[in-house]
Amino acid sequence: MIALTELESIFGRPATGPLAGLVVADLSRVLAGPYATMLLADMGALVIKVESPEGDDTRGWVPPVRDGVGTYYLTANRNKHSIALDFADPDDLAVLHRVIDRADVLVENFRPGSLAKFGLDAQTLQARHEDLIYASITGFGSKGGADLPGYDLLAQAVSGLMSVTGDAKGEPTKVGAALVDVITGLHTAVGILGALQARSTTGAGDRIETNLLSSILSGLVNQTSAYVAAGVVPQRMGNEHPSLYPYEPFPTADRQLVLAVGNDRQFERLCAVLGVAEVAEDERFRTMAARNANRASLRTLLVQRLRTRGADAWFDELRRVGVPCGPIQGVDGGVQLAAEIGLEPIAMVGPADAAVPTVRHPISYTRATVDYSQAPPELDADRERVLEWLAG
């Protein structure tokens, strides 16, 4: 733990977040680990980002770029404090062990077994610090998959995610973001919070292990369950849903509109707005099971009506009566919509004269606060502050 006075005076961080006082030694790189630790930092934890002298790989993953730094790096490193250390250098390794001496949590995503030669493995550190929470992130676990590299695209491929993504007659397709890394990062953060709660009762730390494959198998939810519980191997269906209809994009007079009808009442309201209320009473479409069995016929009827107006007009009218729908937009449109409905999606971090725009922390609190005081740090930017803190 860090004294709240030190947190404010040395690191310039407010001491008001729900995790204020918690110290995290972040040895992770790229996305899953850094995303998890950024969430903790947003909630007030002091996160010491320990980088190699070359820095996190994502600093150079460009384009896009902002002020010479890859936006990939900026997305997952807000509110952290960077120190560059070479594990093979005895002096640097000693500094790292001093950081860990003060830490409540350590997060790493190195190849299983590779940290033992530096005395940074869980067994060695937890023997020295019984209350340390040690979180390891791998691609495919620490057993039979320990030698497999942990890249998001590989996990998308072998997990089945790509097999259910894309057009039914086309090729398997990756998701347009590193979704497996993000889900793994979320699971890691949840695991750390659970271990902290347990430690508050027992006084003992824990070893947490997450991996990309297990995380996405969990994240595939109904698709994985279809195979595990019923022996059904899901197939690509393009933009259709295996169990819901209408639940896909439809053409309008100008652009596509997604309908996401989840029950019979919503379908009745949809038909009323479209001016075909009688369709909701048709035995072919009255229930979800019937609509699934008669998709082609129903789609033809819906498209005929939807083509008479533009997507925005339908969106406004259907939204008023509670029918889930929305036009397909670019990421710019998504950010703009969030701003329009009061979600304030952009958070400026750092000093006013050098503030960096980042995507807002996704959780809001009634009483606690989320911190946006520190821009993603430059490599080794906080060495002197970290050493001052350790000296104290």
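The values are calculated or read from the model by the stated rules, or taken from the named source; none is laboratory data. Worth saying up front: this structure is predicted, and the values here are computed from it rather than measured. Glycine gets a Cβ as well: all are built from the backbone with ideal geometry, and neighbour counts include every protein chain shown.
Among residues of segment 215-226 that are of a type outside the set (A, V, I, L, M, F, W, C), those with a Cβ under 6 angstrom from a residue that is surrounded by 17 or more Cβ atoms within 10 Å (Cβ to Cβ), sequence gap 6+ or separate chain, pair up as Ser215/Ile183; Ser215/Thr184; Ser215/His187; Gly219/Ile183; Gln223/Val164; Thr224/Leu217.
Against the condition surrounded by fewer than 16 Cβ atoms within 10 Å (Cβ to Cβ), touching a residue at least 12 places away in the same chain (Cβ under 8 Å), touching a helix residue (DSSP H, G or I) at 6+ places or on another chain (Cβ under 6 Å) and more than 30 Å from Gly203 (Cβ to Cβ), how does Asp86 come out, does it pass? The answer is yes for Asp86. Taking segment 200-296 as the region of interest, the strands (runs of 3 or more DSSP E) fully inside it that hold 1 or more residues being surrounded by 14 or more Cβ atoms within 10 Å (Cβ to Cβ), among the β-branched types (Val, Ile, Thr) and within 33 Å of the chain's Cα centre (by Cα) are 207-211, 256-260.
Does Gly113 fit the bill of being surrounded by fewer than 19 Cβ atoms within 10 Å (Cβ to Cβ), free of Cβ contacts under 8 Å to residues at least 60 places away in the same chain and either over 19 Å from Leu193 (Cβ atoms) or among the β-branched types (Val, Ile, Thr) (or both)? Considered against the rule, which asks whether it is surrounded by fewer than 19 Cβ atoms within 10 Å (Cβ to Cβ), free of Cβ contacts under 8 Å to residues at least 60 places away in the same chain and either over 19 Å from Leu193 (Cβ atoms) or among the β-branched types (Val, Ile, Thr) (or both), Gly113 comes out as yes. Taking the conditions (1) among the hydroxyl-bearing types (Ser, Thr, Tyr); (2) modelled with pLDDT under 95; (3) within 20 Å of the chain's Cα centre (by Cα) in turn, Ser28 satisfies each one other than (2).
Mind checking which residues of segment 316-366 are aliphatic (A, V, I, L, M) and in a strand (DSSP E or B)? If the condition is that a residue be aliphatic (A, V, I, L, M) and in a strand (DSSP E or B), then Ile346, Ala347, Met348, Val349, Val356, Val359 are the ones that fit.
The rows are residues; the columns are (1) out of contact with any strand residue (DSSP E or B) (no Cβ under 7 Å at 6 or more places or on another chain); (2) farther than 26 Å from Ile183 by Cβ; (3) among the charged types (D, E, K, R).
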site: Glu8; (1), (2), (3): yes, yes, yes
site: Phe11; (1), (2), (3): no, yes, no
site: Pro18; (1), (2), (3): yes, no, no
site: Val24; (1), (2), (3): no, no, no
site: Arg29; (1), (2), (3): yes, no, yes
site: Asp86; (1), (2), (3): yes, yes, yes
site: His97; (1), (2), (3): yes, yes, no
site: Ile100; (1), (2), (3): no, yes, no
site: Leu106; (1), (2), (3): no, no, no
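The set of residues from segment 51-82 being crowded, with 22+ Cβ neighbours inside 10 Å, in contact with a Leu (Cβ under 8 Å, 6 or more places away or on another chain) and either on the phi > 0 side of the Ramachandran plot or hydrophobic (A, V, I, L, M, F, W, C) (or both) comprises just one member, Ala76. Can you say whether Ala260 is out of contact with any Leu (no Cβ under 8 Å at 6 or more places or on another chain) and either within 16 Å of Gln304 (Cβ to Cβ) or not polar (S, T, N, Q) (or both), as far as the supplied structure shows? So Ala260 does not fit the description; no. Among residues of segment 353-372 that are assigned by TED's automatic domain parsing to the domain that holds Pro14, those with a Cβ under 6 angstrom from a residue that is of a type in the set (Lys, Arg), sequence gap 6+ or separate chain, pair up as Thr358/Arg78.
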